[in-house]
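Working notes, structure below.
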Amino acid sequence: MTRRLLALAACLFAAACSHPGVGGLAIGGATEAELRAKLGAPSMVWNEPDGGKLLEYSGQPNGTFCHMIAIGPDGKVREIRQAFSEENFRRVVPGLGRDEVRRLLGRPEETLRFRLKPDEEVWTWRIDETTEKIEYFNAYFGADGRLLRSERTVVYKASGPGFSHRKIDRIPRRG
(Lines give C-alpha, C1' and ligand atoms only; values in the text may rest on other atoms or scores of the structure.)
Protein backbone atom coordinates (compact mmCIF):
# COMPACT_ATOMS: atom_id res chain seq x y z
CA MET A 1 0.00 0.00 0.00
CA THR A 2 2.82 2.43 0.90
CA ARG A 3 4.64 1.68 -2.37
CA ARG A 4 1.44 2.32 -4.29
CA LEU A 5 0.95 5.67 -2.54
CA LEU A 6 4.58 6.66 -3.20
CA ALA A 7 4.24 5.71 -6.86
CA LEU A 8 1.03 7.72 -7.12
CA ALA A 9 2.67 10.69 -5.38
CA ALA A 10 5.68 10.47 -7.71
CA CYS A 11 3.42 10.50 -10.78
CA LEU A 12 1.40 13.40 -9.45
CA PHE A 13 4.48 15.42 -8.59
CA ALA A 14 6.12 14.66 -11.93
CA ALA A 15 3.07 16.15 -13.58
CA ALA A 16 3.37 19.19 -11.32
CA CYS A 17 6.84 19.96 -12.66
CA SER A 18 5.55 20.68 -16.14
CA HIS A 19 1.98 21.77 -15.38
CA PRO A 20 0.51 24.04 -12.74
CA GLY A 21 -1.07 22.11 -9.89
CA VAL A 22 -0.66 18.54 -8.65
CA GLY A 23 -2.88 15.84 -10.09
CA GLY A 24 -5.58 18.30 -11.06
CA LEU A 25 -5.19 20.40 -7.90
CA ALA A 26 -4.47 23.95 -8.99
CA ILE A 27 -2.24 26.30 -7.04
CA GLY A 28 -4.46 28.94 -5.47
CA GLY A 29 -7.63 26.90 -5.96
CA ALA A 30 -7.10 23.54 -4.28
CA THR A 31 -7.51 23.19 -0.54
CA GLU A 32 -5.38 21.37 2.01
CA ALA A 33 -8.22 18.87 2.49
CA GLU A 34 -8.27 18.07 -1.25
CA LEU A 35 -4.48 17.72 -1.26
CA ARG A 36 -4.53 15.31 1.69
CA ALA A 37 -7.36 13.32 0.09
CA LYS A 38 -5.23 12.82 -3.04
CA LEU A 39 -1.75 12.38 -1.48
CA GLY A 40 -2.43 11.23 2.06
CA ALA A 41 -0.82 12.50 5.23
CA PRO A 42 2.43 14.46 4.84
CA SER A 43 5.70 13.29 6.45
CA MET A 44 5.93 16.54 8.41
CA VAL A 45 3.92 19.72 8.93
CA TRP A 46 5.36 23.10 9.95
CA ASN A 47 3.19 26.02 11.04
CA GLU A 48 4.03 29.31 9.32
CA PRO A 49 4.06 32.69 11.10
CA ASP A 50 1.25 33.96 8.84
CA GLY A 51 -1.10 31.14 9.89
CA GLY A 52 -0.30 28.93 6.89
CA LYS A 53 1.43 25.55 6.84
CA LEU A 54 4.29 23.85 5.04
CA LEU A 55 3.63 20.18 4.23
CA GLU A 56 6.44 17.73 3.45
CA TYR A 57 5.83 14.88 0.98
CA SER A 58 9.06 12.92 0.81
CA GLY A 59 9.97 10.08 -1.52
CA GLN A 60 12.85 9.01 0.72
CA PRO A 61 14.28 6.43 1.24
CA ASN A 62 13.99 5.10 -2.32
CA GLY A 63 12.71 8.09 -4.29
CA THR A 64 14.66 11.09 -5.46
CA PHE A 65 12.15 13.77 -4.60
CA CYS A 66 10.79 15.69 -1.67
CA HIS A 67 8.01 18.17 -2.32
CA MET A 68 7.24 20.99 0.04
CA ILE A 69 3.71 22.30 -0.36
CA ALA A 70 2.84 25.66 1.15
CA ILE A 71 -0.72 26.12 2.34
CA GLY A 72 -1.90 29.68 2.86
CA PRO A 73 -3.81 30.94 5.91
CA ASP A 74 -6.96 30.55 3.78
CA GLY A 75 -6.32 26.76 3.58
CA LYS A 76 -5.49 26.82 -0.15
CA VAL A 77 -2.37 25.48 -1.88
CA ARG A 78 -0.04 28.45 -2.33
CA GLU A 79 3.15 26.83 -3.67
CA ILE A 80 4.54 23.42 -4.66
CA ARG A 81 8.31 23.07 -4.86
CA GLN A 82 10.85 20.30 -5.22
CA ALA A 83 13.13 20.46 -2.15
CA PHE A 84 16.08 18.96 -4.04
CA SER A 85 17.00 22.08 -5.99
CA GLU A 86 20.35 23.78 -6.45
CA GLU A 87 18.95 26.82 -4.65
CA ASN A 88 18.10 24.75 -1.57
CA PHE A 89 21.44 22.92 -1.57
CA ARG A 90 23.20 26.32 -1.55
CA ARG A 91 21.11 27.31 1.50
CA VAL A 92 22.46 24.38 3.51
CA VAL A 93 25.36 26.23 5.15
CA PRO A 94 27.39 25.65 8.33
CA GLY A 95 25.62 26.81 11.46
CA LEU A 96 22.09 25.74 10.51
CA GLY A 97 20.26 23.52 12.99
CA ARG A 98 18.81 20.09 12.23
CA ASP A 99 15.26 21.47 12.07
CA GLU A 100 16.29 24.18 9.59
CA VAL A 101 17.93 21.61 7.30
CA ARG A 102 14.92 19.29 7.58
CA ARG A 103 12.65 22.17 6.60
CA LEU A 104 14.78 22.82 3.49
CA LEU A 105 15.35 19.23 2.31
CA GLY A 106 12.81 17.06 4.12
CA ARG A 107 13.32 13.77 5.87
CA PRO A 108 16.71 12.19 5.05
CA GLU A 109 17.05 8.75 3.53
CA GLU A 110 19.44 7.74 6.29
CA THR A 111 20.91 9.08 9.53
CA LEU A 112 24.26 7.70 10.71
CA ARG A 113 26.82 8.03 13.48
CA PHE A 114 30.28 6.59 13.08
CA ARG A 115 32.13 4.97 15.97
CA LEU A 116 35.32 6.96 15.34
CA LYS A 117 33.40 10.26 15.29
CA PRO A 118 30.68 9.79 17.94
CA ASP A 119 29.98 13.53 18.20
CA GLU A 120 29.10 13.78 14.51
CA GLU A 121 25.83 12.77 12.86
CA VAL A 122 25.43 12.41 9.09
CA TRP A 123 22.13 12.85 7.26
CA THR A 124 21.95 11.54 3.69
CA TRP A 125 19.40 12.18 0.93
CA ARG A 126 19.23 10.28 -2.38
CA ILE A 127 18.82 13.23 -4.77
CA ASP A 128 19.30 11.71 -8.22
CA GLU A 129 19.49 8.27 -9.79
CA THR A 130 20.17 7.20 -13.35
CA THR A 131 21.18 3.90 -14.92
CA GLU A 132 24.83 4.92 -14.44
CA LYS A 133 24.92 6.54 -10.99
CA ILE A 134 23.25 7.50 -7.73
CA GLU A 135 23.86 10.96 -6.29
CA TYR A 136 23.56 11.73 -2.58
CA PHE A 137 23.60 14.94 -0.56
CA ASN A 138 25.18 14.60 2.89
CA ALA A 139 24.90 16.96 5.87
CA TYR A 140 27.25 16.60 8.85
CA PHE A 141 26.02 17.83 12.25
CA GLY A 142 28.08 18.39 15.40
CA ALA A 143 27.14 17.42 18.94
CA ASP A 144 25.34 20.77 19.34
CA GLY A 145 23.00 19.91 16.44
CA ARG A 146 24.52 22.55 14.14
CA LEU A 147 25.63 21.84 10.59
CA LEU A 148 29.40 21.50 10.26
CA ARG A 149 29.60 20.91 6.49
CA SER A 150 27.78 19.37 3.55
CA GLU A 151 28.87 17.53 0.43
CA ARG A 152 27.65 15.55 -2.55
CA THR A 153 28.63 11.98 -3.21
CA VAL A 154 28.27 10.18 -6.53
CA VAL A 155 28.28 6.39 -6.61
CA TYR A 156 28.73 4.91 -10.05
CA LYS A 157 26.93 1.66 -10.73
CA ALA A 158 28.89 -1.32 -11.92
CA SER A 159 28.36 -2.18 -15.56
CA GLY A 160 30.03 -3.88 -18.47
CA PRO A 161 31.21 -7.42 -19.09
CA GLY A 162 33.56 -7.44 -16.09
CA PHE A 163 30.59 -7.02 -13.75
CA SER A 164 28.42 -9.75 -15.22
CA HIS A 165 26.82 -12.28 -12.91
CA ARG A 166 27.48 -15.08 -15.39
CA LYS A 167 29.98 -17.79 -14.59
CA ILE A 168 33.54 -16.99 -15.61
CA ASP A 169 34.73 -19.01 -18.61
CA ARG A 170 37.42 -21.42 -17.54
CA ILE A 171 40.61 -21.62 -19.53
CA PRO A 172 41.70 -25.23 -19.92
CA ARG A 173 45.14 -26.08 -18.49
CA ARG A 174 47.75 -27.50 -20.78
CA GLY A 175 49.34 -30.62 -20.01
Hey, any hits in the range 78-86 for a residue that's at pLDDT 90 or above, in a helix (DSSP H, G or I) and not aromatic (Phe, Trp, Tyr)? yes
Does the range 93-100 contain at least one residue that is modelled with pLDDT under 95 and assigned to a strand (DSSP E or B)? no
So which residues in the range 106-119 are out of contact with any Phe, Trp or Tyr (no Cβ under 6 Å at 6 or more places or on another chain) and either more than 24 Å from ALA30 (Cα to Cα) or among the polar types (S, T, N, Q) (or both), if there are any at all? ARG107, GLU110, LEU112, ARG113, PHE114, ARG115, LEU116, LYS117, PRO118, ASP119
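Which is assigned by TED's automatic domain parsing to the domain that holds ALA41, surrounded by fewer than 17 Cβ atoms within 10 Å (Cβ to Cβ) and either assigned to a strand (DSSP E or B) or without any contact (Cβ under 8 Å) to a residue 12 or more places away in the chain (or both), of ASP119, ASP74, ASP144? Walk me through it before giving the result.
On the way: ASP119 fails: assigned by TED's automatic domain parsing to the domain that holds ALA41; ASP144 fails: assigned by TED's automatic domain parsing to the domain that holds ALA41.
Within the list ASP119, ASP74, ASP144, the selection yields ASP74.
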Check off (1) in contact with a strand residue (DSSP E or B) (Cβ under 8 Å, 6 or more places away or on another chain); (2) hydroxyl-bearing (Ser, Thr, Tyr); (3) not in a strand (DSSP E or B) for THR131 and give me the number that stays unchecked. (1)
Note down all Cβ pairs under 6 Å where the first residue falls in the range 86-113 and is more than 18 Å from GLY142 (Cα to Cα), the second is of a type in the set (D, E, K, R) and assigned to a helix (DSSP H, G or I), and they're at least six residues apart or on different chains. LEU104/ARG91
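The values are calculated or read from the model by the stated rules, or taken from the named source; none is laboratory data. The model shown is predicted, which means the values in this text are computed figures rather than measured ones. Methodologically, a virtual Cβ is constructed for each residue, glycine included, from the backbone with ideal geometry; neighbour enumeration extends over all protein chains shown.
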